[in-house]
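Data block below; observations after.
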Amino acid sequence: MTESPSDRAIWLRTKLDEANRAYHEFDDPIIDDAEFDTLFNELILLEKHHPELLVDSSPTQRVGGSPSKKFLSLKHSTPMLSLSNVFDPEGFFSFCDRIEQSSANEPVEFIVEPKLDGLAISLMYENSKLVQALTRGDGVTGEDVTENVMTIKAVPRTLTSKAPLNIEVRGEIYFEKDDFESLNARQSKLGQKIFVNSRNAAAGTLRQLDPKITGSRPLTICIYALVNANSIQNITRQSESLKFLRSVGFKTSNDTELATGRASALAVFRDFEKRRDNLPYDIDGVVFKVNDLRLQESLGSVARAPRWATAFKFAPDEEVTRVLAIDVQVGRTGVLTPVARLEPVFVGGATITNATLHNMDEIMRKDVRVQDTVVVRRAGDVIPEVVRVVLSARKPNSLPYQMPTDVPDRARLTRIAQLIHFCSRQAMNIDGLGDKLIQQFVANKLIYDFADIYKLTEADLIALPRLGEKSARNILTAINSSKDTTLPRLIFALGINGVGHATAQSLAEEFASLEDLGQASTIELEEIPDIGPVLAGNIAEWFATPANELLLNNLVEAGLVWPTPVKVKTIKHDVKLTCVITGTFSELPRELLKERLNTKGIRVVSALSKNVDFLVTGTKAGSKLKKAKELGLHIFREGDVRLLLNDEISADQLLKNQQ
Ligand code: IVH
């Protein structure tokens, strides 16, 4: 029997109310954000299609949690607003469009601030003394947590201004990443609750009934707003507010930036996205605020959020979707790996349709079944995985998954997996030669081993269904350029069981040539850090197999070339240079350029600083070029670097030429 819309609405409302209470009042979430959003969106849609089901008490009609009963509720002097969100450049540009309508279409100056993931607080100072601290609550009334806030060292009890000040400021209370980790370590040692994230830990700590507990945990604060800033002399911009706040003793962010116009603003966002993991605190996005207070005022607010600011959120790395099927894939070592086929879902900045289930143990442990609703995760370049099943949404008639013990044609599938690995981005990087084409090539007996890839002709490719002349030519070009490679890439591409990037890199540095590597004994191999007896055995066996020797000869004959790697250990004494790469390059993909620079003993880092020796810039270089100029760094173009990589000039000479 299917559920009626009205029953479903009641179920969703109850569930969401419970979740809201657990989150806002008890600081102890029972479902995660992604699941909450899915249920919430389902309720919104249901109420839209069945307006008769909409009731005032629905969680869709309220915002956030109502103030908890534990603390005194007090009204805010001015409402504590929230921020609108954007999730992609289009959304951000529409936000800019709306603002530019009020700025006579002039590019707008934004102040860009990290969006701290803690909880908002409003602090009232009278005669320079802290007299009251209120949480945001529902935005109109908040909870009086003054006593607890007084225990936070980073909150000034008295301001350092000459004249007594009566001001209200707003900011975020949070834990820095390290402090959060040590808090959880301590909780675990004491056998107490482990916090799921630093935001909940901050909320839970601030709303402790006993201020001693609050004081015993390392909360900190960052102030990002001065209420009625324009009433203070000489303040006409948000950046000046922050400067003023700092000058009277508040802790403000060290990581704010100014950006004029949407393109620079977007570049700053991208920069934060890259630096996110290296920041000492958690952020879930960045906040863009119109810097000019007069323009802020003329833009005003809508509903609960100002029109002059928005939060540009990072792509969430967890989402909820459904398992359509579970297939078994054959890996390049012949191992069977179960894979969940998913209803497409956008997560971690990409649409995913598959997620790995690792192995049978993992499926059993997580009890993933076909038709299940699951939380999937994709962070950075990591393979998407199923985190867990949303049991509350499981179909009643579902059955546990049974994994087959073998699959037909396993040997051929293993070979295909090896070929796919060989062509992959971090191996030979043959652009355009994806899984489907490789399967077709093997099915049509065009290729058998790695070396056959280099024998493909345009006629071979065009003969395949759905492959035009242009794509055929692009693929051949990609195959051809992949011949110019590096030894670590080639070693990795061979697909030796257990040899990942890092091992391939160490092997290349240690032996410098394929011949020497091929002749290494297991004892010599085991001398390399991180190589144990099993791996050493795999490597030696691979090279001792006659078919593999033939394969390597064929690859060299096909025209594969690579520079002899230099041991980084020995280089360290000679050249000690560090550079940053920015922009796009016409000859080498960035990754390869980076590897080539490494072979010359030049370290490539991502952040510019005074410790960097030079910047390598391609076309479309953005803010990094400007910053490098400001720092007075040497700047090399692609051509200069070509000279360096071809050994026509040394890095030292290149630097001297620019003096
Ligand atoms: S400004 C009227 N600036 O984000 C503007 N908020 O989603 C109100 N937040 O409740 C907020 N970092 O708790 C602002 N640099 C920042 C922020 C920030 C974090 C939080 C704040 C707010 C929530 C809105």
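Couple of notes before you dig in:
- Unique match (being within 30 Å of Leu494 (Cβ to Cβ), hydrophobic (A, V, I, L, M, F, W, C), surrounded by 15 or more Cβ atoms within 10 Å (Cβ to Cβ) and modelled with pLDDT of 90 or more) among Val370, Val339, Val376: Val339
- Filter result for Gly261 (in contact (Cβ under 8 Å) with a residue 60 or more places away in the chain and at positive phi): yes
- Residue satisfying condition, being part of a loop (DSSP other than H, G, I, E, B) and out of contact with any strand residue (DSSP E or B) (no Cβ under 8 Å at 6 or more places or on another chain), within set Ser77, Ser103, Ser82: Ser103
- Residue list for segment 79-127, restricted to those being more than 12 Å from the ligand (Cβ to nearest atom) and among the charged types (D, E, K, R): Asp88, Glu90, Asp97, Arg98, Glu100, Glu106, Glu109, Glu126
- Matching strands (runs of 3 or more DSSP E) fully within segment 258-347 where at least 3 residues are within 30 Å of Ile31 (Cβ to Cβ) and away from the ligand (no atom under 16 Å from the Cβ): 318-330, 336-347
Yes/no per residue for (1) in contact (Cβ under 8 Å) with a residue 40 or more places away in the chain; (2) surrounded by fewer than 16 Cβ atoms within 10 Å (Cβ to Cβ); (3) in contact with a Pro (Cβ under 8 Å, 6 or more places away or on another chain):
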site: Ala504; (1), (2), (3): no, no, yes
site: Gln519; (1), (2), (3): no, yes, no
site: Ile528; (1), (2), (3): no, no, no
site: Leu535; (1), (2), (3): no, no, no
site: Leu555; (1), (2), (3): yes, no, no
site: Leu597; (1), (2), (3): yes, no, no
site: Val605; (1), (2), (3): no, yes, no
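- Considering residues of segment 144-174 that are part of a strand (DSSP E or B) and more than 17 Å from Tyr224 (Cα to Cα) only, the residue nearest to the ligand (Cβ to nearest atom): Asp144
- Annotation: of all residues in segment 604-659 being in a loop (DSSP other than H, G, I, E, B) and among the hydrophobic types (A, V, I, L, M, F, W, C), the one that is farthest from the chain's Cα centre (by Cα) is Ile649.
- Within segment 196-234, the set of residues being closer than 17 Å to Leu119 by Cβ, within 15 Å of the ligand (Cβ to nearest atom), in contact with a Phe, Trp or Tyr (Cβ under 8 Å, 6 or more places away or on another chain) and among the hydrophobic types (A, V, I, L, M, F, W, C) comprises Ala202, Leu219, Ile221, Cys222, Ile223.
- Top-ranked residue in segment 391-406 [being farther than 30 Å from Val335 by Cα and more than 35 Å from the chain's Cα centre (by Cα); ranked as surrounded by the most Cβ atoms within 10 Å (Cβ to Cβ)]: Asn397
The values are calculated or read from the model by the stated rules, or taken from the named source; none is laboratory data. All figures in this text were calculated on a predicted structure; none of them were measured in a lab. Reconstructed Cβ throughout: ideal geometry from the backbone, glycine too, with neighbour counts over all protein chains shown.
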